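What follows is a set of notes on a single structure, which appears directly below.
The values are calculated or read from the model by the stated rules, or taken from the named source; none is laboratory data. No experiment lies behind these values; they were computed from the predicted model shown. Here the Cβ positions follow ideal geometry from the backbone for every residue, glycine too, while neighbour counts run over all protein chains shown. Note: areas computed on protein heavy atoms with side chains; ligands, DNA, RNA excluded. Shrake-Rupley method; radii C 1.70, N 1.55, O 1.52, S 1.80 Å.
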Amino acid sequence: MFFTYSANVTHLFQTKSVFFIKICKIHLFFSFAIPIQRTFRIFEPLFKYQFMKKITIAIDGYSSCGKSTMAKDLAREIGYIYIDSGAMYRAVTLYCLENNLFTKDGIDTARLEEAMPEINISFQLDPETQRPITCLNGRPVESLIRSMEVSSHVSPVAALGFVREALVKQQQEMGKAKGIVMDGRDIGTVVFPEAELKIFVTASAEIRAQRRYDELKTKGQEASYEEILNNVKERDFIDQNRAVSPLRQAEDAILLDNSHLTIEEQKQWLAEQYQRVVNG
Ligand code: DC
């Protein structure tokens, strides 16, 4: 496109009328070509990957280890659906906080179990960023579910058997047609034990706390590194030791320690794993 433009420029000065026509042509070309090119760029993954075998990709691992970023980027690149299963547990926690289901004795499990059928969690695509926004009963709650308040209440909610049962059922429904990247703690072990590609991500607690701290600061939210580090360690302990679906690496999952990897390096590594499975 750039060369077409340069070649036309050399003829521009031949006559005034030719000059005017050429300018109009260039203007028309760019006013149509650029939006069309942009549209094609958005749909490129659909054309490029649509004839490839659709698989299920399960990405599990510790909290704040960058699973979501790599899962989201891969899904966008290959035109797959992306589901952040942690966001679903966070949305249920937000519901509990907003409806006073946390009492001084813990969670009011009887009321929560009764309310579960009314808790509707869905995802919408942000038209600007092309990233999913979590909705609770139709209301966008993406930034609310990332607050420290939700982070510090989510583990006991995610440990409840009836909550897990309901959310796992929804997650399996979402992945029925394959072509999905889902991240969480039990995706490769419980939700999609048959997934063709399973990754288990880890990084040191200190590095994960620092990343979370930087993320909250960038969003302008108040944060204390010590508080975040304690929260990360506490969540690791609860996730690994809960009775229902504890966090563990599936036997056939590939381990990735990303403590010293850049986002770009992780992205590249994950793309290679995907290519190996679909082409292998
Ligand atoms: O990935 P995250 O930090 O947003 O997850 C929030 C909480 O939900 C965390 O305590 C672990 C829990 N979780 C889970 O138990 N099972 C999943 N599949 C995903 C998240």
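Residues in region 125-160 that are among the hydroxyl-bearing types (Ser, Thr, Tyr) and assigned to a loop (DSSP other than H, G, I, E, B): THR129, SER143, SER147. Within region 154-174, residues that are in contact (Cβ under 8 Å) with a residue 24 or more places away in the chain reach partners that are surrounded by fewer than 13 Cβ atoms within 10 Å (Cβ to Cβ) with beta carbons closer than 9 Å, at six or more positions or on different chains, in the pairs SER155/PHE237; PRO156/GLY106; ALA159/ALA243; GLY161/ALA243; ALA166/PRO117. For ASN279, the test of being more than 19 Å from the chain's Cα centre (by Cα) and open to solvent by 90 Å² or more (accessible area, probe 1.4 Å) is passed.
Checked against (1) open to solvent by 80 Å² or more (accessible area, probe 1.4 Å); (2) modelled with pLDDT of 95 or more; (3) closer than 30 Å to LEU74 by Cα, PRO127 passes all but condition (2). Among the residues of region 157-181, those identified as open to solvent by less than 60 Å² (accessible area, probe 1.4 Å) and more than 27 Å from PRO127 (Cβ to Cβ) are VAL157, ALA158, ALA159, LEU160, GLY161, PHE162, VAL163, ARG164, ALA166, VAL168. Listed by position, the helices (runs of 4 or more DSSP H) enclosed by region 46-124 that each have at least 3 residues that are in contact with a Ser or Thr (Cβ under 8 Å, 6 or more places away or on another chain) and open to solvent by less than 20 Å² (accessible area, probe 1.4 Å) are 85-98.
Has region 137-156 got at least one residue that is away from the ligand (no atom under 14 Å from the Cβ), touching a helix residue (DSSP H, G or I) at 6+ places or on another chain (Cβ under 9 Å) and more than 20 Å from TYR82 (Cβ to Cβ)? Spell out the reasoning first.
Residues of region 137-156 away from the ligand (no atom under 14 Å from the Cβ): 137-140.
Add one more test, that the residue is touching a helix residue (DSSP H, G or I) at 6+ places or on another chain (Cβ under 9 Å), and what stays is 137.
Among the residues that remain, those that are also more than 20 Å from TYR82 (Cβ to Cβ) are: 137.
Taking every residue of region 137-156 in turn, at least one turns out to be away from the ligand (no atom under 14 Å from the Cβ), touching a helix residue (DSSP H, G or I) at 6+ places or on another chain (Cβ under 9 Å) and more than 20 Å from TYR82 (Cβ to Cβ).
If a residue has to be open to solvent by less than 70 Å² (accessible area, probe 1.4 Å), modelled with pLDDT under 90 and away from the ligand (no atom under 12 Å from the Cβ) to count, how many in region 212-267 make the cut? Result for region 212-267: 4.
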